[in-house]
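First comes the structure, then the notes that go with it.
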Amino acid sequence: MLKKAMHWESTEEKEDKKVRCLLCAHNCVIAPGKCGICGVRENRDGELYSLIYGLASSVGVDPIEKKPLFHFHPGSRVLSFGTAGCNFRCPHCQNWEISQCGPEELRLQEIMPAEAVEMAKRHRCEGMAWTYNEPAIWHEYALDSMKLAKEAGLYTVYVTNGYINEKPLREIAPYLDAANVDVKGFSDEFYKEIAGARLMPVLKTCKLMKELNIHLEVTYLVIPTKNDSADEMRRFCEWVANELGTEVPVHFSAFHPDYKLASLPITPSGKLKEAHEIGRAAGLKYLYLGNAALRGFGDTVCPKCGNTLIERSGFSVRVLGGIKNGRCLACNRRIPVIGV
Ligand code: SF4
């Protein structure tokens, strides 16, 4: 459905009817009849419109662990929504069939916010997630939906590249409970090459999410030869430790060849374990290795006494008896897991 967009302005030269979208850090200047980089926000005669309000490309019930969120309502089910388009151009995107397409190229299902919330309840989900493609470009719809979700007692989640601007992030923050931010690498060159974007806005979003009390976990997809040097991963881990804190869960995920990076190999498990060691040395307390069958590396362990508190295997999760009200029962250390 066509909907007047939020977060834009006319450019200084009003007579050419160009607009500047202020939703994400690209700040696209868009001529009449054209879309911004994301392909879903169009200038119609000098006004900006969202082309995707209430239009879903994908809807599914997922375990929250799939996002991945490991410290947020473990074992719960979340109704997940995706639409068309993305503001990044990652050549390894696992969801490129929807993220690299405009809305006119996909068969989209109309689901208005109230119906989306109703669906989540009907499927006995505890929450709703905007995921599969970049949720920030669906801002108007996600915002309306999450307001209703909160009224209905559901939690809300973004799985995001973190490119949203400060003002729209502050706008959704009161209704957004948790986010997983995908940090794609730790150099500006890498971001420019791989995503057509910049690193700094992503880091700014992570810090602001913490400040706004949105539960935050970060994911770093380890891509062989692209962002897997010990130095780059160390700088990432040290930045997380210093700027977000050592209690923030960090997920290192294995790359699987796809889309335009189909010729690269799968990330070797040795490289993932190296990332884990680097994270430990940086002082990070909760490190997880994903997309790989590595026994024990998905478990939540008390950093003080070593007690295993939550066991995970694939997407199956078992909260053991050692954690209650966010504390390890063996040593009373605070364990930042919401919902247990
Ligand atoms: S949301 Fe889309 S149109 Fe707006 S600035 Fe970002 S990429 Fe450009």
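Pull out the extension gain between residue 109 and residue 193, defined as 0.36 nm times the separation in residues minus the alpha carbon to alpha carbon distance; nm, one decimal.
Additional length available on full extension: 26.9 nm.
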Restricting to Cα pairs under 8 Å and 6 or more apart, the percent relative contact order of the chain works out to 13
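In debye to the nearest 20, how big a dipole does the chain give about its Cα centre with +1 on each Lys and Arg Cβ and -1 on each Asp and Glu Cβ?
Roughly 1060 debye, rounded to the nearest 20.
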Subtract the Cα-Cα distance of residue 77 and residue 230 from 0.36 nm times their separation in residues, and report this length gain in nm to one decimal.
51.5 nm
How much FRET efficiency would the formula 1/(1 + (r/R0)^6) give for residue 6 and residue 305, where r is the Cβ-Cβ distance and R0 is 51 Å, rounded to 0.05?
0.60
Between the stretch 166-241 and the stretch 110-133, the alpha-carbon center distance in angstrom
26
Once the dipole of the chain is set up from charges on Cβ (+1 Lys and Arg, -1 Asp and Glu), the residue from the list 179, 81, 194 lying farthest towards its positive end is 179
List, in order, the whole-Hz ³J(HN,Hα) value for each residue of the stretch 308-314 obtained from phi through the Karplus relation with A = 6.51, B = -1.76, C = 1.60 and θ = phi - 60°; use x for Gly and Pro.
7, 9, 9, 9, 9, 9, x
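Quick one: if the Förster radius is 35 Å, what FRET efficiency do residue 166 and residue 325 give, using the C-beta to C-beta distance and rounding to 0.05?
The value I calculate is 0.55.
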222 nm mean residue ellipticity, helices alone, for the chain (DSSP H n ≥ 4; -39,500 (n - 2.57); rounded to 500):
-6500 deg cm²/dmol
For residue 8, list long-range residues whose amide hydrogen, built 1.01 Å from N in the peptide plane, is under 5 Å from its own amide hydrogen.
22
Please report the antiparallel percentage of DSSP beta bridges with both residues in the stretch 299-340, rounded to the nearest 5.
100
At 7 Å along Cα-to-Cβ for each site, give me the label-to-label distance between residue 16 and residue 281 in nm.
5.1
For the pair residue 118/residue 66, report the inter-label distance in nm, with labels modelled 7 Å from Cα in the Cβ direction.
2.4
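In which sequence would 119, 200 go, from the one with the fewest C-beta neighbours within 10 Å to the one with the most? Intermediate values should be presented prior to the final figure.
Working: 119 16, 200 11.
Arranged by neighbour count, lowest to highest, 119, 200 become 200, 119.
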Taking 42, 115 and counting other beta carbon atoms within 10 angstrom, the fewest-first order is 115, 42
Evaluate the distance, in nm, between pseudo-label points positioned 7 Å from the Cα of residue 256 and of residue 97 along their respective Cα→Cβ axes.
1.3
Per the 1/(1 + (r/R0)^6) rule, R0 = 45 Å and r from the Cβ atoms of residue 316 and residue 27, FRET efficiency to 0.05 is 0.60
If each residue of separation counts as 0.36 nm, what is the full-extension length gain between residue 332 and residue 247 once their alpha-carbon separation is subtracted?
29.0 nm
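Every number in this text was worked out from the coordinates using simple rules, so none of it is lab data. Quantities reported herein were computed from a predicted structural model and do not represent experimental measurements. Backbone-built Cβ (ideal geometry, glycine too); neighbour counts: all protein chains shown.
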